[in-house]
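Here the structure comes first, spelled out in structure tokens, and everything after it is commentary.
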Amino acid sequence: MTTSTLQNLIETFVASGPDAIGNPAALEAFSHFRSALERGEIRSASPDSSSPTGWKVNMWVKQGILLGFRLGILEDVPSGALTFVDKNTFPARHMTTGDGVRVVAGGSAIRTGAYVARGVVCAPPMYINTGAWVDEGTMVDSHALVGSCAQIGKRVHLSAAAQIGGVLEPVNASPVIIEDDVLVGGNCGVYEGTIVQRGAVLAAGTILTRGTPVFDLVHGNVLRSSDESPLIIPQDAVVVPGSRVVTKGKGHPNSQAWGLSLYAAVIVKYRDDKTSLSTTLEDLLR
């Protein structure tokens, strides 16, 4: 089935609303759609050099994922001594050696509809949700989460407890995008459609959301999202968690203040050969 045919079918069944529920043709179309997601033939966002952000959101793909939730019914999912209950349209994905993905034993799960490329390493326990794209050579470390529709590039290291949000809804919103060769440190959180461009480094504990201002010490400006664009971390930026003094009310330094400060993300430098050398140890884990 061609991509254009699949898109037409998905859009038709989405438009039909509740009438799609229980329709065998809708379930068959969704089955083809989910398989295409897993093969990497379609994705919720794709590179687009003509876009200001460098990415294009494929709304119909997000609609297809939501259609799957509408079509699914709850079923018991036995798993050894445990039993789970989930929509039958999105069971856990069964990985084999033919997939070329290393999934270490210990409680990890990959949901159907997620694209996981050859050479990806999954350390337990971690989770990759449906609609996510995880490209070649990436490592998803222990307790890391890749949310629905999140786009993870090649040779990315998602360190322990890193949380990558997804953004499935609204369907026209950009998902979280982590481009090639990015290092995401432990306990980082990247949410609400943030784009982290190629080669950037997020130090442990960095939190990025649509409302997070990022203070670029190198260029002397502040990066923010806008109504038209998500927060974008520039290529090769090295971001660390910092703080800024509260200057209003009881936070004002001259007013018997409470001594408050707020979290701030700070770009302290841009990646160079020395920074790159400090990240080569991760290759020994693969």
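Treat each spin label as a single point 7 Å out from the Cα along the C-beta direction, and report the A264 to T209 distance in nm.
So the label points at A264 and T209 sit 1.9 nm apart.
How many angstrom separate the Cα center of region 1-27 from the Cα center of region 128-188?
Centre-to-centre (Cα) distance: 28 Å.
Once a ≥ b ≥ c are taken as the square roots of the eigenvalues of the Cα gyration tensor of region 157-197, is the result rounded (a/c under 1.5), prolate (a/b larger than b/c) or oblate (a/b not larger than b/c)?
Oblate is the answer for region 157-197, as a/c is 1.5 or above yet b/c matches or exceeds a/b.
Hey, what angle do you get for helix 59-71 against the long axis of the chain, alpha-carbon based, 0 to 90 degrees rounded to 10?
The angle comes out near 60 degrees.
Check which residues have an amide H placed less than 5 Å from D86's amide H, if you skip close sequence neighbours.
The answer is E75, V77.
Under a GNM of the chain (C-alpha, springs under 10 Å), which listed residue has the highest mean-square fluctuation: I164, I267, I177?
So, out of I164, I267, I177, the one fluctuating most is I267.
Quick one: 3J(HN,Hα) in Hz for region 111-120, Karplus 6.51/-1.76/1.60 with θ = phi - 60°, rounded, Gly and Pro as x.
7, 4, x, 9, 8, 10, 6, 4, x, 6
Go ahead and set up a Gaussian network model of the chain, Cα springs under 10 Å, then flag whichever of R102, R93, R244 fluctuates most.
For the chain, modelled as a Gaussian network with Cα springs under 10 Å, the answer is R244.
How would you rank 47-57, 193-203, highest first, on the average number of other Cβ atoms within 10 Å across their residues?
193-203, 47-57
For E228 and V85, calculate 0.36 nm times their separation in residues minus their Cα-Cα distance, and state this gained length in nm to one decimal.
47.6 nm
At 0.36 nm per residue, and after removing the present C-alpha to C-alpha distance, how many nm does the segment from V77 to A105 gain when stretched out fully?
8.2 nm
Before anything else, pin down the relative contact order of the chain: Cα pairs under 8 Å, at least 6 apart, normalised by residue count, whole percent.
Value for the chain: 10 percent.
Between rounded, prolate and oblate, where does region 1-160 land on the alpha carbon gyration tensor, with a ≥ b ≥ c its root eigenvalues, rounded for a/c under 1.5, else prolate if a/b exceeds b/c?
oblate
Under 5 Å between amide H atoms, partner at least 5 residues away or on a different chain: which partners does G242 have, H built in plane at 1.01 Å?
For G242, the qualifying residues are A264, A265, V266.
Between P170, P78, P18, find the one with the highest GNM mean-square fluctuation for the chain; connect C-alpha pairs within less than 10 Å.
Residue with maximal mean-square fluctuation among P170, P78, P18: P78.
Less than 14 Å from a label point 7 Å out along the Cα-to-Cβ axis of S51: which backbone N atoms in region 199-237 qualify, by residue?
228-232
For a quick check: with amide H placed at 1.01 Å from N, whose amide H comes under 5 Å from L208's, ignoring anything fewer than 5 positions away on the same chain?
Placed amide hydrogens put G189, V190, Y191 under 5 Å from L208.
Relative to the longest principal Cα axis of the chain, at what angle does helix 3-15 sit, 0 to 90 degrees, rounded to 10?
90
For the chain, what is the mean residue ellipticity at 222 nm derived from helices alone (per DSSP H run of n ≥ 4: -39500 (n - 2.57); sum divided by total residues; nearest 500 deg cm²/dmol)?
Only helices count here, giving -5000 deg cm²/dmol.
Starting at the first residue of region 186-197, write each ³J(HN,Hα) from the Karplus equation 6.51 cos²θ - 1.76 cosθ + 1.60 with θ = phi - 60°, in whole Hz, x for Gly and Pro.
x, 6, 7, x, 10, 9, 6, x, 4, 10, 10, 6
Rank Q163, S4, L71 by how far each Cα sits towards the positive end of the charge dipole of the chain (+1 on Lys, Arg Cβ; -1 on Asp, Glu Cβ) and give me just the farthest.
So the residue furthest toward the plus end is Q163.
Between A15 and F69, with labels modelled 7 Å along Cα→Cβ, what's the label distance in nm to one decimal, could you check?
2.3
Using a Förster distance of 51 Å, how high is the FRET efficiency between L217 and M59, based on the Cβ-Cβ distance and rounded to 0.05?
It comes to 0.85.
Here, each number is a calculation from the coordinates, and none is a lab measurement. All figures in this text were calculated on a predicted structure; none of them were measured in a lab. All Cβ positions, even for glycine, are placed from backbone atoms using ideal geometry, and neighbour counts span all protein chains on display.
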